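Peer 1: I have a structure I would like to understand better, so I am pasting it below and will then ask my questions one at a time.
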Amino acid sequence: MPVLHILGHEILDRGVLAGKKIAMALHTEAKTGILAQTLAGCGAQVRLASCNPLSTDDPVALALQHEDVSPGSLEVRARYGESGERYYEALNWALDLKPDIVIDDGGDLVKILHTDRDDLIPDILGGCEETTTGIIRLRALQAEGKLRFPVMDVNDCNMKHLFDNRYGTGQSTMDGILNATNLTIAGMRVVVAGYGWCGKGIAMRLKGLGANITVSEVDPVKGVEAAMDGFRVRDLSDSCTEANMVLTATGCKDVVSRDIINKLPDGCILANSGHFDNEIDVRYLETFPSFRAREHVKGYKLKDKTVYLLSEGRLVNLASGQGHPVEIMDMSFAIQAAGAEFIAMNGRDLPKEVIRFPEGLDQRIAFLKLQNMGYSTAELSEEQKRYLSSWEEGT
């Protein structure tokens with residue numbers, strides 16, 4: 001992870017994170033481990049819990065507990081398949097550190113801080129949020145006037161969503177599905193629910209593997225974009241009746257509802273790449289007899305058909321796969337590290353809002369990534385710069 005490595009050394013030299021306490025709720029796997037080590041190596045006290053009960057890589061979590069990352073410290077409490085009770089215990093354990101900064105993925109740490117642990121808020125400088133679902137929750141909190149500290153919008157900066165959400169989610173979702181099913185994608189009829197950056201990446205990878213793809217969208221602009229990208233665009237209630245697989249990536253609940261499930265054909269596969277496990281109505285499926293088809297595949301015997309659910313309806317790319325490739329997370333976690341330093345330096349002076357990631361830091365990470373890939377950008381001449389900044393010159 002060369003970009004994060006370079007930024008980590010720069011942050012260490014500035015010394016801003018020395019002594020800072022950071023509570024993190026992220027998918028606890030190898031790339032996250034490098035971020036946690038980097039922050040601790042910059043002098044921070046770090047506590048890491050998982051942000052999803054099925055996304056922890058147990059050997060990584062165990063190894064991190066025994067790492068020497070002086071001058072700071074690193075503690076981890078995460079386990080694959082942990083119960084809901086244990087999951088929230090771990091999040092509260094991370095907050096017991098009385099953090100200066102929170103790094104969140106999905107918004108659960110911020111939710112706990114604004115409900116059960118609001119006594120900790122006066123000491124918090126701010127936070128960083130990793131994913132679309134978390135930003136949706138934060139903006140709702142802000143709209144109600146209840147957000148009590150600034151949170152960096154990591155998800156929507158260019159070097160995150162253009163690559164992590166699109167290329168990372170696209171590839172890792174395919175990895176998870178192929179690992180779970182060992183089925184051929186070519187010729188399969190797949191409905192992708194949601195055509196945001198994650199949905200675009202998933203549809204792109206499915207297309208490359210030869211799937212016949214239909215996109216379901218509530219936003220007509222995104223619907224037009226999907227159509228011009230070469231996909232059929234239909235309502236899910238219509239397209240699901242012919243689907244071999246329905247794949248959700250919306251950040252919204254009840255996408256594959258009871259009514260949709262009842263319309264699915266025999267043998268249809270359901271998978272989710274949204275952050276929470278509420279995009280598919282798993283509770284309804286659990287009312288039917290079930291069986292374990294494969295390690296990450298559960299079959300449900302409905303009245304006239306069998307429907308298969310991957311990864312219990314949780315993030316298929318992490319619950320059944322290894323998450324995003326390291327080259328992608330190098331960029332995303334470089335942004336998290338830079339965001340944590342920015343909060344440490346400026347948190348007390350920032351408004352209690354969702355904060356846009358500074359463009360200069362975004363550009364810096366892009367430059368380091370391009371350099372690492374062996375590429376470079378062109379430079380404008382002084383005359384070109386004058387031309388682009390003038391309103392008088394037209395030709």
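Peer 1: Where does each of L183, L285 land when they are ranked from fewest to most other beta-carbon atoms within 10 angstrom?
Peer 2: L183, L285
Peer 1: Based on the Cα coordinates of region 307-395, what is the per residue volume of their convex hull in Å³?
Peer 2: 267
Peer 1: Per residue of region 120-127, what does 6.51 cos²θ - 1.76 cosθ + 1.60 with θ = phi - 60° give for ³J(HN,Hα)? Whole Hz please, x for Gly and Pro, Karplus curve as stated.
Peer 2: 7, 4, x, 8, 8, 6, x, x
Peer 1: Right, next: Helices from the chain with mean Kyte-Doolittle at least -0.5 and a Cα length along the axis of 15 Å or more, per DSSP H: which?
Peer 2: 2-14, 30-41, 132-143, 169-181, 197-208, 326-346, 359-372
Peer 1: Then there's this: With θ set to phi - 60° and the Karplus curve 6.51 cos²θ - 1.76 cosθ + 1.60, what are the ³J(HN,Hα) couplings of region 72-79 in order, to the nearest whole Hz, using x for Gly and Pro?
Peer 2: Each residue's phi maps through the Karplus curve to give x, 9, 9, 10, 10, 9, 7, 7 Hz.
Peer 1: Per DSSP H run of at least 4 residues, take -39500 (n - 2.57); add these up for the chain, divide by its residues and hand me the 222 nm value, nearest 500 deg cm²/dmol.
Peer 2: The helix contribution divided over the chain gives -11500 deg cm²/dmol.
Peer 1: Given H placed 1.01 Å from N in the peptide plane, which residues other than close sequence neighbours of L183 have an amide H under 5 Å from its amide H?
Peer 2: Here nothing satisfies the definition.
Peer 1: Now for a different question. Where does each of S332, S376 land when they are ranked from fewest to most other beta-carbon atoms within 10 angstrom?
Peer 2: Ordered from fewest to most neighbouring Cβ atoms within 10 Å, S332, S376 come out as S376, S332.
Peer 1: Only sites in a loop by DSSP and with at most 11 other Cβ atoms within 10 Å count here; which GluC sites (Glu not before Pro) in region 115-215 make the cut?
Peer 2: E144
Peer 1: For T133, what is the net charge nearby, where nearby means another residue's Cβ is under 12 Å from its Cβ and Lys, Arg count +1, Asp, Glu -1?
Peer 2: -3
Peer 1: Give me the one-decimal nm value for the distance between modelled label points at M373 and R139, 7 Å along each residue's Cα-to-Cβ direction.
Peer 2: Output for this residue pair reads 2.7 nm.
Peer 1: Here's something else I'd like to know. Sort 88-98, 151-161 by the packing proxy (mean of other Cβ within 10 Å over each peptide's residues), most packed first.
Peer 2: Highest mean packing first, the order is 151-161, 88-98.
Peer 1: Using unit Cβ charges (K, R positive; D, E negative) and no other charged atoms, how large, in debye to the nearest 20, is the dipole of region 104-240 about its Cα centre?
Peer 2: 600
Peer 1: Short version: ³J(HN,Hα) in whole Hz for each residue of region 254-263, in order, from phi by Karplus 6.51 cos²θ - 1.76 cosθ + 1.60 (θ = phi - 60°), x for Gly and Pro, what are they?
Peer 2: 6, 6, 8, 7, 4, 5, 5, 4, 5, 8
Peer 1: Right, something else. So which lysines pass the test for K301, namely a Cα distance under 22 Å, with those fewer than 8 places away in the same chain ruled out?
Peer 2: Those lysines meeting the cut-off are K263.
Peer 1: Find the eigenvalues of the gyration tensor of the Cα atoms of region 169-319, then list the square roots of 5 times those eigenvalues as equivalent ellipsoid semi-axes, largest first, in whole angstrom.
Peer 2: Working from the Cα gyration tensor, I get semi-axes of 22, 16, 14 Å.
Peer 1: What distance in nm separates the two pseudo spin-label positions at R234 and D118, each 7 Å out from Cα along the beta-carbon direction?
Peer 2: Distance between the two pseudo-spin positions: 4.9 nm.
Peer 1: So, by mean Cβ neighbours within 10 angstrom, what's the order for 79-87, 263-271 with the highest one leading?
Peer 2: So the peptides 79-87, 263-271, ranked by packing, come out 263-271, 79-87.
Peer 1: If you line up the Cα atoms of the chain on their principal axes, what length do they span on each, largest first, in Å?
Peer 2: Answer, in whole Å and largest first: 64, 64, 42 Å.
Peer 1: Please list the non-local residues whose amide H lies under 5 Å from the amide H of E279, H modeled 1.01 Å from N, same-chain partners needing a gap of 5 or more.
Peer 2: Sorted by chain and number, the residues that satisfy this are D254.
Peer 1: Amide H of A193: which non-local residues (sequence gap of 5 or more, or other chain) have their own amide H closer than 5 Å, using H built in the peptide plane?
Peer 2: Sorted by chain and number, the residues that satisfy this are S216, L247, T248, A249.
Peer 1: Using the crude model of +1 on Lys and Arg Cβ and -1 on Asp and Glu Cβ, and no other charge, please compute the dipole size for the chain relative to its Cα centre, in debye to 20.
Peer 2: 900
Peer 1: To the nearest 20 debye, what charge dipole does region 169-319 have about its Cα centre, counting +1 at the Cβ of each Lys and Arg and -1 at the Cβ of each Asp and Glu?
Peer 2: 320
Peer 1: Along the charge dipole of region 169-319, pointing to its positive end and built from +1/-1 on Cβ of Lys, Arg, Asp and Glu, which listed residue (G170, V233, C252) has its Cα farthest out?
Peer 2: G170
Each value in this text was obtained by applying a stated rule to the coordinates, not by laboratory testing. Since the model is a prediction, treat every value here as computed from it, not as a measurement. Please note: Cβ atoms are built from the backbone with ideal geometry, for glycine as well, and neighbour counts cover all protein chains shown.
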